[in-house]
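Report on the following structure.
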Amino acid sequence: MAGRLRIDRRELIAGATALTAVAAAGAGKAQEKPVQDKPVIDERAVLIVVDVQNDFCPGGSLAVARGDEVVPVINAIAKRFANVVLTQDWHTRGHASFASSHPGRKPFETIAMSYGPQVLWPEHCVQGTKGAEFHSGLDLPHAQTIIRKGYRRHIDSYSGFVEADRQTPTGLTGYLRERGILRAIVVGLATDFCVNWTAQDAAKAGFETLVVEDACRAIDLNGSLAKAWADMAELDIQRINASDLLG
Ligand SMILES: [Zn+2]
């Protein structure tokens, strides 16, 4: 008898959502949110793995707290994808985004660059260094492309699509469009910077875009994480969990 009385929480939520939708439609209002199905992962979807590099993981020069925890999650998710692309932060020595390139400045200060405000970082992901290498635990043998970014000395690039001057393309939009990709699922480091900017540019380029929250970790500098999620929501970027892809 106890079993018959148990109510599945997900059924309850699904039922409530459906009722809300019916009520909204009945009142002649636009439906607030459709009942969402599981994301479709087919040959038109791509997993974009953002900057899972040694310098962004514990022990690295710009370590994101618990950044390495994304590795097994991403490995598991990636098995579901026919298309996997990685981005790799890839700076010159003396790069303009490094505090050390600006006398008297410290890491995590913001300065005005020709293209707008720029957070200054510790030196990280310098071309050819161990810190710029992908985390050794990443198991993505079927990844098809690596998009390197931030390799122009005077321009940073958080996004895998467009550099920080908001004009210089990396080529990723054309690559994905030419391959018929419609849907971008974004994971990696860090949620509030390179994942956020990559996801926003994916959405602006017209891809249906989702971010897998528990396959990302954040820096959270001065409220940057909350702002990132709010900005992504404005662009209808879906915030999901790995279980939504693996279940
Ligand atoms: Zn960088």
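The values are calculated or read from the model by the stated rules, or taken from the named source; none is laboratory data. These numbers come from a predicted model, not from an experiment. We work out accessible area using only protein heavy atoms, side chains counted, and drop any ligands, DNA or RNA first. Shrake-Rupley method; radii C 1.70, N 1.55, O 1.52, S 1.80 Å.
Largest GNM mean-square fluctuation among Gln53, Gln118, Gln144, using the chain with Cα springs under 10 Å: Gln144. Ignoring ligands, DNA and RNA, what percent of the 1.4 Å accessible area of the chain is carbon and sulfur? With neighbouring chains kept in place, the figure for the chain is 53 percent.
Note on the chain: helix-only mean residue ellipticity at 222 nm, from DSSP H runs of 4+ residues weighted -39500 (n - 2.57) and normalised by residue number, equals -7000 deg cm²/dmol. Computed with a 1.4 Å probe over protein heavy atoms only, the accessible area of Lys106 comes to about 130 Å².
Structure note, pairs Lys106/Lys204; Lys130/Lys204; Lys130/Lys227; Lys106/Lys227; Lys79/Lys227; Lys149/Lys227: Cα-Cα distances above 25 angstrom occur for Lys106/Lys204; Lys130/Lys204; Lys130/Lys227; Lys79/Lys227.
Could you state the accessible area per residue of the chain in Å², with a 1.4 Å probe and every protein chain left in place?
Solvent-accessible surface per residue comes out at 51 Å².
When you restrict to C-alpha pairs under 8 Å that are six or more residues apart and normalise by the size of the chain, the relative contact order lands at 20 percent.
What the phi angles of segment 148-161 give under the Karplus curve with 6.51, -1.76 and 1.60, with θ = phi - 60°, is a coupling list of 8, 8, x, 8, 8, 4, 9, 10, 7, 8, 6, 7, x, 10 Hz, glycine and proline written as x.
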